[in-house]
1. Can you run down the residue pairs with Cβ atoms below 6 Å, 6 or more apart or on separate chains, where the first is in the stretch 7-25 and on the phi > 0 side of the Ramachandran plot and the partner is of a type outside the set (A, V, I, L, M) and more than 9 Å from the ligand (Cβ to nearest atom)?
2. So, in the stretch 76-86, how many residues would count as being touching a residue at least 60 places away in the same chain (Cβ under 8 Å) and more than 16 Å from the ligand (Cβ to nearest atom)?
3. Which ones in the stretch 37-61 are farther than 25 Å from Val225 by Cα, within 12 Å of the ligand (Cβ to nearest atom) and of a type outside the set (D, E, K, R)?
4. Quick check: anything in the stretch 197-215 within 16 Å of the ligand (Cβ to nearest atom), surrounded by fewer than 17 Cβ atoms within 10 Å (Cβ to Cβ) and either modelled with pLDDT of 95 or more or closer than 30 Å to Arg272 by Cβ (or both)?
5. When the residues of the stretch 18-31 are filtered to those that are under 16 Å from Phe211 (Cα atoms) and touching a Lys or Arg at 6+ places or on another chain (Cβ under 7 Å), which remaining residue is surrounded by the most Cβ atoms within 10 Å (Cβ to Cβ)?
6. Tell me the residue from Ala73, Ala89, Ala101 that is more than 13 Å from the ligand (Cβ to nearest atom), at pLDDT 95 or above and surrounded by fewer than 21 Cβ atoms within 10 Å (Cβ to Cβ), please.
7. Can you find even one residue in the stretch 139-149 that is surrounded by 14 or more Cβ atoms within 10 Å (Cβ to Cβ), part of a helix (DSSP H, G or I), basic (Lys, Arg) and away from the ligand (no atom under 16 Å from the Cβ)?
8. Just checking, does the stretch 32-51 include any residue being among the hydrophobic types (A, V, I, L, M, F, W, C), under 18 Å from Ala153 (Cα atoms), surrounded by fewer than 17 Cβ atoms within 10 Å (Cβ to Cβ) and touching a residue at least 24 places away in the same chain (Cβ under 8 Å)?
Amino acid sequence: MTDKFISIEAIAKRYPGAGGGEIAVFENLWLSMGRGEFGCVIGHSGCGKTTVLNILAGLDEPSEGTVIVDGQAIEGTSLDRAVIFQSHALLPWRTVLGNVAYAVTSKWRDWDRAKVKAHAQTFIDLVGLTGAEHKRPSELSGGMKQRVGIARALSITPKIMLMDEPFSALDALTRGTLQDEVRRICIETGQTAFMITHDVDEAIYLADKIFLMTNGPGAVLAEIVENPLPKDRGRADLHRHPLYYALRNHIVDFLVSRSKTFAADVPGHDPRNVPVVRIGLNEPTIVSASKAIETGPAQAIAR
Ligand SMILES: Nc1ncnc2c1ncn2[C@@H]1O[C@H](COP(=O)(O)OP(=O)(O)OP(=O)(O)O)[C@@H](O)[C@H]1O
């Protein structure tokens, strides 16, 4: 695994303030992920999660700083970075096959129709939409539309998949099924994924790393929590794992209290060396950011 497949380096985002100055959503934000990792960002509304994702997608530009993906500084949007939004953003006049094929053609312009169709069909099958190829978005349920969005994103074999609360508008049953699908596909294909969610259990189920952001304005990435649950975890028995409640409580505690008081509690926070937190049966421990995969000296976290 490459240590820094995605490297967000010292980005800031500022907007003009009401009194003539500037308001910083965040300043000097650093975040990195390895190839094939699944990262989830959690933080309260307005802390800048979507802004970070849009900058990674190339849909927005940072006021300062750089984003490097696979060794190259990003500039604008790219088919290397696919985005799945909460709303499906499908072309309403095109069928399921047409929507996915459109994305495939954008990436491989010289492919003939048969090759495009076969490639699109593979991804339609992968997300469980076999048989619905010729339906238009208006004939699909919300969950099916989101499946098309996922098939479309995956069909261009992106280096990273960016998801902004992709399941939040779906009913619980459909959400669960799609979480299962996305997890299976990401593991099977080694897909690197970066996702925003407000759902702690969704993050625990899907993520290898959970990025905790403090409240904005002036939000910071406070902690990177390693997911201690086994890779073959199942959604149904997640809560039976001995570390599940410790992990869940740690994240909820952060959202309920520490996200608000973090700046006062941790005045020496180094945004370039964000603590990586490992949840154990006793106290959570910090391992240094740069040595996230080693067993570092245990240091109890102030809670
Ligand atoms: N064009 C803009 N002009 C001024 N402020 C903006 C603009 N776009 C976003 N913001 C502000 O930036 C901050 C971060 O917005 P962002 O959408 O990234 O937050 P978020 O954490 O994703 O929130 P949510 O969870 O509600 O989606 C918000 O306070 C928002 O009001």
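1. That search, which allows pairs on different chains as well, returns Ala10/Asn28; Ala10/Gly65.
2. Applying the first criterion (touching a residue at least 60 places away in the same chain (Cβ under 8 Å)) to the stretch 76-86 yields 79-86.
Pick out the ones that are also more than 16 Å from the ligand (Cβ to nearest atom) and you get 79-82.
Looking only at that region, the number is 4.
3. Leu59
4. Filtering the stretch 197-215 for residues within 16 Å of the ligand (Cβ to nearest atom) gives 197-200, 202-203, 210-215.
With surrounded by fewer than 17 Cβ atoms within 10 Å (Cβ to Cβ) added as a condition, the list becomes 198-199.
Now drop any that are not either modelled with pLDDT of 95 or more or closer than 30 Å to Arg272 by Cβ (or both), which leaves 198-199.
Taking every residue of the stretch 197-215 in turn, at least one turns out to be within 16 Å of the ligand (Cβ to nearest atom), surrounded by fewer than 17 Cβ atoms within 10 Å (Cβ to Cβ) and either modelled with pLDDT of 95 or more or closer than 30 Å to Arg272 by Cβ (or both).
5. Here the residue is Phe26.
6. Working: Ala89 fails: at pLDDT 95 or above; Ala101 fails: surrounded by fewer than 21 Cβ atoms within 10 Å (Cβ to Cβ).
Only one candidate qualifies: Ala73.
7. Taking the stretch 139-149 and keeping what is surrounded by 14 or more Cβ atoms within 10 Å (Cβ to Cβ), we get 140, 142-149.
Next, from what is left, pick out any that are part of a helix (DSSP H, G or I): 142-149.
Of the ones still in play, those that are also basic (Lys, Arg) are 145, 147.
Keeping just the survivors that are away from the ligand (no atom under 16 Å from the Cβ) gives 145, 147.
The answer is yes, given that some residue of the stretch 139-149 is surrounded by 14 or more Cβ atoms within 10 Å (Cβ to Cβ), part of a helix (DSSP H, G or I), basic (Lys, Arg) and away from the ligand (no atom under 16 Å from the Cβ).
8. Looking through the stretch 32-51, none of the residues is among the hydrophobic types (A, V, I, L, M, F, W, C), under 18 Å from Ala153 (Cα atoms), surrounded by fewer than 17 Cβ atoms within 10 Å (Cβ to Cβ) and touching a residue at least 24 places away in the same chain (Cβ under 8 Å).
The values are calculated or read from the model by the stated rules, or taken from the named source; none is laboratory data. Predicted model, so just to flag it, every value in this text is computed and none were measured. Counting neighbours? That spans all protein chains shown, and the Cβs are built from the backbone with ideal geometry, glycine included.
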